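Novice: Questions regarding the structure given below will be posed in turn.
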Amino acid sequence: MRAERTVQRSIFERYAEHEIGLELQAMSAWLDAQPEVLTWVAMDLKTDTVQATGRQGLSCESVLRCAILKQYRQLSYEELAFCLLDSMSCQAFVRLTTGWTPRKAALQSAISRISDTTWERINQHLLHRAGAARIERGDMLRIDSTVTDAPIHEPSDSTLLWDSVRVLVRLLEQARELVDSRVPIVFCDHRRLAKKRMRAIRYTRGQDKKRALYQDLLAVTEKSLAYAEQANLSLRAYRAVSSWDYDAWQAQLAHFTPLIRRVIAQTERRVLRGEKVPAKDKLVSLFEAHTDIIVKGSRDVQYGHKLNLSTGRSGLVLVVVIEDGNPADTERLLPMLDRHIAQYGKPPRQMAADGGYASITNLDAAKARQVDDVVFHKKRGLAIEAMAKSPWVYRKLRNFRAGIEAGISCLKRAYGLGAAHGRGWPTSRPTCGPRSSPTTWPCWPA
């Protein structure tokens, strides 16, 4: 990345006469009118680890546009590389003027460097522009919550123990490849036994029978963990192993070891001692350890992250907050309102929220913040006269609140909010930034 902006805009930049082509053209025009955005992206891309030699590569402008195109069309990096190679409209939008197109590895490396803070700053800038253009004034607010699912299988104690054995054996096989035959890495591959016990637990009836199977599965998991710890000691004493290879291997072991111990501990508590483990203390995935257990009302259990969203009259999403755990909606109404007031410098004139946010405390606190009408989808014992000026205003605001459901559905179907496809936290998105931090959508995942 040598330049912030593409050196010269091609005279042959053309977009297809199609709805998607016209949308890309409009997005390109908006980006051209915001040159300061490129400076923010350049600060992320031009780090000490980026060399200033070699082929020209992507400009900061092209990297930003590639990230937007990827999220806008819901493409993988491989699909993005093909679209840039094949599509005239995509090439025009991304400003690839030399005929060269990047490979998927180059795209991933460049796009992932754009930080969550930068995306937040860009989206705040977009909302500021929308306010200046009188598209979104912030005088009406609607709030709702949803869940973005983590890419994990249905968790159980047996499958988590099976995952633990698989991971440990894989690390042991990698350790054996790091050294020659003079340094023995001794272990037994218990994957077959662990898989048989896991499947037997699934199809066995009766707690006593399951408890015996769990004891076998716990035993092979602890043996595999002991093998890995012994292999770590052997590698540490073997000086011929390159420090980079050992450091990478040791980092993986250091990451998974406390998680596996946590799985063993919670299985012993729940299965062997019959304790009830609180949801906040449970680990539901070794690979997405940040995943929360979410139960909304009486619906099915979901595994992912709870989000609180607010939108305005224009339909633009003003704030998205990733919650830590599964807080009650009633606890999150006032923080969402306060974020809106801090963003626009004034309270909304009217606001509407789902029935889960309803309480007399929230109603009084919102009125104290000088919100004229505060309407909840379900009354929950609250009088219409206490919430709105009249029954007509109450009905109008209740209908206005229903519009956020369509916005959430669109975000999930078309813009990737339905599942967090990243690995780890905080790179597991649809979100940007740490938990319980404000952000605006879209936040383009790396």
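The values are calculated or read from the model by the stated rules, or taken from the named source; none is laboratory data. This structure is a prediction, so every number in the text was calculated from the model and none was measured. Note that each Cβ is placed from the backbone with ideal geometry, even for glycine, and that neighbours are counted across all protein chains shown. The protein model used for the area step is the full one, side chains on, heavy atoms only, and it has no ligands, DNA or RNA in it. Shrake-Rupley method; radii C 1.70, N 1.55, O 1.52, S 1.80 Å.
Novice: If DNA, RNA and ligands are ignored and the probe is 1.4 Å, what is the ranking of 392, 244 by accessible area, most exposed first?
Specialist: Ranking 392, 244 by accessible area, largest first, yields 244, 392.
Novice: If you don't mind, there's one more thing I want to ask. Give the lysines whose C-alpha is closer than 16 Å to that of residue 396, dropping any in the same chain fewer than 8 places away, or say none.
Specialist: Leaving aside lysines fewer than 8 places away in the same chain, those within reach of residue 396 are 378, 379.
Novice: Do any of 223/276; 306/412; 296/412; 346/367 go past 19 Å between their Cα atoms, and which?
Specialist: Listed pairs above 19 Å: 223/276.
Novice: For the stretch 253-355, give the percent of accessible area contributed by carbon and sulfur heavy atoms, probe 1.4 Å, rounded to a whole number. Before the final figure, lay out the partial values.
Specialist: Working: 2180 of 4400 Å².
The nonpolar share, carbon plus sulfur, comes to 49 percent.
Novice: May I ask you to rank 30, 162, 249 by accessible area, largest first, using a 1.4 Å probe over the protein chains only? Let's see the in-between values first.
Specialist: Values: 30 75, 162 45, 249 5 Å².
From most exposed to least exposed: 30, 162, 249.
Novice: OK, next. Over the alpha-carbon set of the stretch 110-197, work out the extent along each principal axis and list the three values in angstrom, largest first.
Specialist: Sorted largest first, the three principal extents are 72, 33, 12 Å.
Novice: Related question: How many Å² of accessible area per residue for the chain, probe 1.4 Å?
Specialist: Dividing the accessible area of the chain by its residue count gives 51 Å².
Novice: Still on this model: Please identify which residues in the stretch 312-354 have an amide N closer than 18 Å to a label point set 7 Å out from the Cα of residue 133, following the Cα→Cβ vector.
Specialist: From the stretch 312-354, the list is 312-319.
Novice: What FRET efficiency would be calculated for the residue pair residue 300, residue 180, taking the C-beta separation as r and a Förster radius of 51 Å, to the nearest 0.05?
Specialist: That pair, residue 300 with residue 180, gives E of 0.45.
Novice: Which one of 342, 93, 235 has its Cα pushed farthest toward the positive end of the charge dipole of the chain, where Lys and Arg give +1 and Asp and Glu give -1 at the Cβ?
Specialist: My answer, from the dipole projection, is 235.
Novice: Magnitude of the Cβ-charge dipole of the chain, K/R +1 and D/E -1, about the Cα centre, nearest 20 debye?
Specialist: Dipole size: approximately 1020 debye.
Novice: Using only the alpha-carbon atoms of the chain as identical scatterers, what base-10 log of I(q)/I(0) does the Debye formula give at q = 0.10 Å⁻¹?
Specialist: For the chain, the Cα-only Debye profile gives -0.91.
Novice: Now for a separate question. Take the chain, connect every pair of alpha-carbon atoms lying under 10 Å apart with a spring to form a Gaussian network, then pick out the residue of 194, 388, 33 with the largest mean-square fluctuation.
Specialist: 33
Novice: Let me ask another. Using only helices, what value at 222 nm comes out for the chain when you add -39,500 (n - 2.57) per DSSP H run of length 4 or more and divide by the total residues, to the nearest 500 deg cm²/dmol?
Specialist: Helices in the chain give a 222 nm mean residue ellipticity of -16000 deg cm²/dmol.
Novice: Let me ask another. For residue 100 and residue 236 in the same chain, what is the full-extension length gain: residue separation times 0.36 nm, less their Cα-Cα distance, in nm?
Specialist: 44.4 nm
Novice: Continuing with this model, one more query. Using only the heavy atoms of the protein chains and a 1.4 Å probe, how would 27, 336 rank by accessible area, largest first?
Specialist: 27, 336
Novice: Here's something else I'd like to know. What accessible surface, in Å², does a 1.4 Å probe find on residue 202, ignoring ligands, DNA and RNA and rounding to the nearest 10?
Specialist: Surface accessible to solvent at residue 202 totals approximately 130 Å².
Novice: Post the alpha-carbon centroid distance, the stretch 91-163 to the stretch 294-319, in whole angstrom.
Specialist: 16 Å
Novice: Most fluctuating residue of 304, 312, 21 in a GNM of the chain with Cα springs under 10 Å: which is it?
Specialist: Sorting by GNM fluctuation, first place goes to 21.
Novice: Could you name the aspartates and glutamates in cross-link range of residue 104, using Cα to Cα under 12 Å and dropping any fewer than eight places away on the same chain?
Specialist: Candidates past the 8-residue exclusion: 78, 79.
Novice: Taking 0.36 nm per residue of separation and subtracting the Cα-Cα distance, what length does fully extending residue 195 through residue 208 add?
Specialist: Between residue 195 and residue 208, full extension yields 2.7 nm more.
Novice: Using R₀ = 22 Å, calculate the FRET efficiency as 1/(1 + (r/R₀)^6) where r is the Cβ-Cβ separation of residue 379 and residue 349; round to 0.05.
Specialist: Result of the calculation: an efficiency of 0.55.
Novice: Calculate the FRET efficiency for residue 115 and residue 372 from the Cβ-Cβ distance with a Förster distance of 30 Å, rounded to the nearest 0.05. Don't skip to the end; give the middle numbers.
Specialist: Working: r = 39 Å, r/R0 = 1.29.
The value I calculate is 0.20.
Novice: Note down the nm distance, to one decimal, between modelled labels 7 Å out along Cα→Cβ at residue 270 and at residue 393.
Specialist: Placing both labels 7 Å along Cα→Cβ, they lie 4.9 nm apart.
Novice: If ligands, DNA and RNA are left out, what is the accessible area of residue 66 with a 1.4 Å probe, given in Å² to the nearest 10?
Specialist: Using a 1.4 Å probe on the heavy atoms, I get roughly 0 Å².
Novice: Between the stretch 203-248 and the stretch 349-420, how far is it from one alpha carbon centroid to the other, in angstrom?
Specialist: About 51 Å separates the Cα centre of the stretch 203-248 from the one of the stretch 349-420.
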